[in-house]
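Structure first, commentary second.
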Amino acid sequence: MMLVAGVDVGGTRIKSMLSDLDGSVVLSHTASTPPRPGDSIVEVIAETVATLVQRARADGITAPLAAVGAVVPGLVDEVNGMAAWSANLGWRDLPLRDRLQERFDVPVAIGHDVRAGLLAEFRLGAAQGSPDALFVPLGTGIASALLAGGQVVAGSEWTGEIGHVVVEPDGPPCGCGRLGCLEAVASAAALGRAWNALGRDGDAETLSRAVEDGDHEAIRLWEGAIDALVRVMAPVCAAAGTRLVLVGGGLALAGATLLDPLRDRLVRALGHDRITVTQAALGDRAGALGATLLAMEAIA
Ligand SMILES: [Zn+2]
């Protein structure tokens, strides 16, 4: 047996796991992300892998480590192995693959958290058998990853940044400094803020329950968000021939309250009904599982 390590660096938590080459997870671990680590994320990832291997040895697992995969948020250029930019985590133009490779004597792969998550959903989760899929996690922000013809699309470092497409030119301010970006209108965080601005308590989950109860203010907000999502998703689906939209993140927990109207409006926008909208299956493990898959590809 041989092992691969997968590390998913998130804004608040680092999820890591060891799996065998069949994809069975033998050990997993979650730790807090240090505040604004910047380039020191290289040491953090190296220590995370070392800790995993130590724990495996303590459990009597002696199989050697064959490769390491690490995925990060923000702008990532997989071709050149660059962590190009993360505003929250504080790095820019970090040659992450080369810097990690100096610390390991096994192959290292790096990737983008959402694209790696989609790879995991395709191999192990809700996109199995669906080679043309769009993955959109709706959480604090909004990102996307596209699978076309069974390949995860990764072009320049800006790939997938649909969260900053402007959908309401006079809309709410976005963290990027502009007004009315998709993620300032339709992310779970934005919906929670808009709900509170109406003088209502709770967050996006409270809002979704109010929608189910027929609350008119809630429904207006909810439908506005779905319209904004469809305005951005439909052209992507049309261009790429997407047959499956996988929704992830906190907002996906609203289930049919979100997914059914989203699908109805996508069908109307696209002019055909050969599209499925469903909830992602792997939850917050998708990124780390995807990182182990990238590690396996690095061995071959
Ligand atoms: Zn923005």
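So the values come out like this:
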| read-out | value |
| --- | --- |
| Whole-number percent relative contact order across the chain, with pairs defined as alpha carbons under 8 Å at least 6 apart | 21 |
| Extended-chain gain in nm, criterion 0.36 nm per residue less alpha-carbon gap, residue 209 and residue 27 | 61.9 nm |
| Residues of region 84-118 with amide N under 16 Å of the 7 Å Cα→Cβ point at residue 2 | 104-109 |
| Residue 219 paired with residue 273, simple spin-label distance in nm, labels 7 Å along Cα-to-beta-carbon | 2.3 |
| Inter-label distance for residue 79 and residue 57, nm, one decimal - labels placed 7 Å from Cα along Cα-to-Cβ | 4.0 |
| Projected area, mean over directions - the chain, Cα convex hull, nm² | 15.7 |
| Debye equation applied to the C-alpha atoms of region 129-280, log10 I(q)/I(0) at 0.20 Å⁻¹ | -1.28 |
| Enclosed volume per residue, in Å³, of the convex hull spanned by Cα atoms of region 1-72 | 77 |
| Helix-only [θ]222 nm of the chain, DSSP H runs n ≥ 4, -39500 (n - 2.57) each, per residue, nearest 500 | -12000 deg cm²/dmol |
| Computed E for residue 151/residue 201 - FRET, C-beta separation, R0 35 angstrom, nearest 0.05 | 0.20 |
| Region 89-189: GluC sites (Glu not before Pro) falling in loop per DSSP and having at most 15 other Cβ within 10 Å | 102 |
| Listed residues 186, 84, 133, most fluctuating in the chain (Gaussian network, C-alpha, under 10 Å) | 84 |
| Percentage relative contact order, region 147-220, counting C-alpha pairs under 8 Å, at least six apart | 16 |
| Length-normalised contact order of region 31-104 in % [C-alpha pairs under 8 Å, at least 6 apart] | 31 |
| Of the DSSP H helices in the chain, those whose Cα atoms cover at least 15 Å axially and whose Kyte score averages -0.5 or more | 41-58, 113-124, 216-240, 256-270, 286-299 |
| Antiparallel bridge percentage (DSSP; both residues within region 53-130; nearest 5) | 55 |
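Since every read-out is calculated from the coordinates, none of them should be taken as a lab result. What you see is a predicted model, and the numbers here were worked out from it, not measured in a lab. Please note: Cβ atoms are built from the backbone with ideal geometry, for glycine as well, and neighbour counts cover all protein chains shown.
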